[in-house]
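Reading through the structure tokens given below for one structure.
The values are calculated or read from the model by the stated rules, or taken from the named source; none is laboratory data. Note that the structure is predicted; figures quoted are calculated from it, not measured. Neighbour counts run over all protein chains shown; Cβ positions are idealised from the backbone, glycine included. In case anyone asks, the SASA skips ligands and DNA or RNA and just uses the protein heavy atoms, side chains included. Shrake-Rupley method; radii C 1.70, N 1.55, O 1.52, S 1.80 Å.
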Amino acid sequence: MAITLVNPDGLPKIDVYRQVSIATGSKLVFIAGQVAWDADGVTVGEGDLAAQVEQCYLNIGTALAGVGGSFDDVAKLTAYVVDWTPDKMPALLEGISRASEKLGGTPVPPVTLLGVAALDVPEHLVEVEATAMID
């Protein structure tokens, strides 16, 4: 496996993701920010942050499968959430959890969460991009 996820001693142990990823593969993959579109370009979960987060993660899984990888190969995620406030955390975590179950229960790699004013279209509440390393 090209990615090893760890929570080093001296840093907080956060259940929803790992603090550090170590990439040792040979093919670096950058996945464009994924929004809550299905394969036909229809928005999934309009108005539902958890459903949109889940779809973003599933789209990343699909993109990785298309280049011979899986979510296990993800070294880093960046999530952009429209009008982020801490009270949105439960919905975000629910979406991650649902996607993780569908993707084989993979631990989440380091993730950066950024609040933004808007995304590409008004119905999109979240966008997630990924960097992966594939052997």
Rg(Cα) / (2.2 N^0.38 Å) computed for the chain, rounded to two decimals: 1.01
Amide H contacts under 5 Å for Leu113, placed H, 5+ residues apart: Ala79
Overall Cα dimensions of segment 71-135, principal axis frame, Å, largest first: 37, 21, 19
The chain, helix-only ellipticity at 222 nm - DSSP H runs n ≥ 4, -39,500 (n - 2.57), divided by all residues, nearest 500: -8000 deg cm²/dmol
Ordering of 33-42, 121-130 by burial proxy (mean other Cβ atoms within 10 Å per residue, highest first): 121-130, 33-42
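Between Asp38 and Thr85, what's the calculated FRET efficiency when r is the beta-carbon distance and R0 is 35 Å? Round to 0.05.
0.80
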When the convex hull of its Cα atoms is projected in every direction, mean area for segment 58-102 (nm²): 3.7
Per-residue HN-Hα couplings for segment 49-61 [Karplus 6.51, -1.76, 1.60; θ = phi - 60°; Hz; x = Gly/Pro]: 4, 4, 5, 6, 4, 4, 5, 4, 5, 5, 5, 4, x
Long-range amide H partners of Val20 with built H, under 5 Å: Val6
Accessible surface, the chain, averaged per residue in Å² (probe 1.4 Å): 51
